[in-house]
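Inspection log for the structure reproduced underneath, given as structure tokens.
The values are calculated or read from the model by the stated rules, or taken from the named source; none is laboratory data. Worth saying up front: this structure is predicted, and the values here are computed from it rather than measured. Cβ placement follows ideal geometry from the backbone for every residue including glycine, while neighbour counts extend to all protein chains displayed. Note: accessible area is taken over every heavy atom of the protein model, side chains too, but ligands, DNA and RNA are not part of it. Shrake-Rupley method; radii C 1.70, N 1.55, O 1.52, S 1.80 Å.
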Amino acid sequence: MLDLKRIREQPDAVRQAIRNKNEKGDVEAVLAQDTRRREIIAEVEQLKNTRNVVSQDIARLKKEKQDADAQIAEMKVVSDTIKRMDEELRDVEGALRDALLLLPNLAHESVPVGASDADNADVRAWTPDKAIGLTEEPEVPLLDHIELGKKHRILDFDRGAKLSGSGFPLYTGEGATLERALINFMIDVHRRDHGYREVFPPFVVNTESMYGTGQLPKMSEDMYRCAEDDLYLIPTAEVPITNMYRDEILDTDMVPARFCGYSACFRREAGSYGKQTKGFLRVHQFNKVELVKFARPEESYDELEALVVDVERILKLLEIPYRVRLLCTGDTSFSSAKTYDLDVWAPAEKAWREASSCSNFEDFQARRANIRYRPDGPKSKPEFVHTLNGSGLATSRLMVAILENYQTPEGKIIVPEVLQPYAGFSLIG
RNA sequence: GGAGAGGUGGGUGAGUGGCUGAAACCAACGGUUUGCUAAACCGUCAUACUGGGAUAACUGGUAUCGAGGGUUCGAAUCCCUCCCUCUCCGCCA
């Protein structure tokens, strides 16, 4: 949610920023409701003041056993008017809030203006000494992750579809073990080496939480909902972890706070059928280790850079080729002010696949979720924190990269060295 | 699923219709005293919105005792609905 004062004072800048973001947002509606709201407030508060003052008089008169019928009759009328105006005010405030919730976050000034992923900026790339398809050509035709999964009976998309529908991956044997190893490895690195506090969150949340991080009201089509209980399956651990501190004020020494947590992630991916739907590339359920930070506003962009470096470290330890891209305004998501994507190399497809997305939301989520902190000791006035998060990382896309990059000419799969202690084996096949 | 209890400021907890934005205590913050620590004492101690003022200092107003309605001139206090938490029983991992 944007600061209403900012919209009021710089409507043109906000309008332009929304256009840059490739989003629609009705600034006029916000301004109109805001004006109307303040008109009503001025009027109704005047009436309430009258009511309070005269009510005191009535109390005094009654105490002195004097007649107060005239005042009571007068206040009856005033109270009715107040009631009517309060109703109108509530409607206007509801409309204002609805309009405000639909405005996207504005991009940071360092984000390149652009319309689509073609305008994203390459920041840096990293490749291990040996990388098939990049530093050396494959000796034999490469198998893709689906073929490798089938060959070794470690990924069973067909039976997953039987159980739940397409897009619900089933891991078996070493595949299941490797998935679990990967999750544990990533959490351990972030927890032990990078100083994040581990969280194991609930996988379903209520509507307030979904509004807090910005999934609602816009993305409701994309989420699984348990209608009976009015709960949503989380699309990312960002939702529960960020909402841990919804409607709270963090102590000064708690900020910056850094959390990492695993969750299964559920996405309906409505309307995206036919796009990269094979295998792991677009699934309804996947596993992800998420990083979430609550930062001081003046430090949040440093925290974003550090966050990206933390995610890169995982890929370096796994020795997976990757690149970092800065998303342009048009490709930056609704709630984000600045986003870096990390793409991993999938040699069988000869393609870079997004495996992580790291964003600074500035105070956009904090405003919605009402998460504040005291900047300077227990007496200082609370301010909104900046929230950040990044995938650290999603296992599905990472598994594609691992299987394809680590395949041998014989079609076997070497387990990345850092995962071997976690998996308990070093070779599949 | 059945039965019951309860939701008041950072915490504990008073408060059954008007002078209660809300006692008291604790915590926190500032200070005094003290050889140091501790203790004691004094003071401060909510937030949001809105108006005036320079988008200052300061200041007027309104709202807020789980949420929303209702009764009333007036509600933390009475009535209704909802939400949440806790305890016991049953069921279950």
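Of all the listed residues (A:LEU142, A:LEU182, A:LEU170), the sole one being surrounded by fewer than 21 Cβ atoms within 10 Å (Cβ to Cβ) and either at pLDDT 95 or above or touching a helix residue (DSSP H, G or I) at 6+ places or on another chain (Cβ under 6 Å) (or both) is A:LEU170. Checked against (1) within 26 Å of A:PHE203 (Cα to Cα); (2) modelled with pLDDT of 95 or more; (3) in a strand (DSSP E or B), A:ALA355 passes all but a single condition, namely (2).
Yes/no per residue for (1) surrounded by 14 or more Cβ atoms within 10 Å (Cβ to Cβ); (2) near RNA strand B (Cβ under 7 Å from one of its atoms):
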{"residue": "A:LYS48", "(1), (2)": "yes, yes"}
{"residue": "A:SER55", "(1), (2)": "yes, yes"}
{"residue": "A:GLU64", "(1), (2)": "no, no"}
{"residue": "A:LEU89", "(1), (2)": "yes, no"}
{"residue": "A:SER110", "(1), (2)": "no, no"}
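Criterion applied to A:PRO112, A:PRO128, A:PRO141, A:PRO169 was being farther than 25 Å from A:GLY392 by Cβ and either over 20 Å from the mean Cα position of the chain (by Cα) or in a helix (DSSP H, G or I) (or both), and the one residue passing it is A:PRO141.
Which of the residues that make up the range A:185-202 are open to solvent by 60 Å² or more (accessible area, probe 1.4 Å) and touching a residue at least 60 places away in the same chain (Cβ under 8 Å)?
Those that are open to solvent by 60 Å² or more (accessible area, probe 1.4 Å) and touching a residue at least 60 places away in the same chain (Cβ under 8 Å): A:ARG191, A:ASP193, A:ARG197, A:GLU198, A:PHE200.
Applying the condition of being within 21 Å of A:LEU307 (Cβ to Cβ) and among the small types (Gly, Ala, Ser) to the range A:354-390 and asking which residue is most open to solvent (accessible area, probe 1.4 Å) yields A:SER357.
Are any residues in the range A:221-236 over 18 Å from A:PHE364 (Cα atoms), surrounded by 15 or more Cβ atoms within 10 Å (Cβ to Cβ) and not charged (D, E, K, R), and if so, which ones? So that I can check it myself, show each step before the final result.
Pass one, the range A:221-236, residues over 18 Å from A:PHE364 (Cα atoms): A:221-235.
Still in the running and surrounded by 15 or more Cβ atoms within 10 Å (Cβ to Cβ): A:222-225, A:231-235.
Those that are over 18 Å from A:PHE364 (Cα atoms), surrounded by 15 or more Cβ atoms within 10 Å (Cβ to Cβ) and not charged (D, E, K, R): A:MET223, A:TYR224, A:LEU231, A:TYR232, A:LEU233, A:ILE234, A:PRO235.
I'd like the residue in the range A:118-139 that is β-branched (Val, Ile, Thr) and in contact with a helix residue (DSSP H, G or I) (Cβ under 9 Å, 6 or more places away or on another chain) and, out of all such residues, is most open to solvent (accessible area, probe 1.4 Å). Ranking the candidates gives A:VAL123 first. Residues considered: A:MET75, A:MET85. Of these, the only one that is surrounded by 15 or more Cβ atoms within 10 Å (Cβ to Cβ), over 29 Å from A:LYS218 (Cβ atoms) and near RNA strand B (Cβ under 7 Å from one of its atoms) is A:MET75. Scanning the range A:1-24 for residues that are open to solvent by less than 60 Å² (accessible area, probe 1.4 Å) and acidic (Asp, Glu), we see that the one that is farthest from A:THR329 (Cα to Cα) is A:ASP3.
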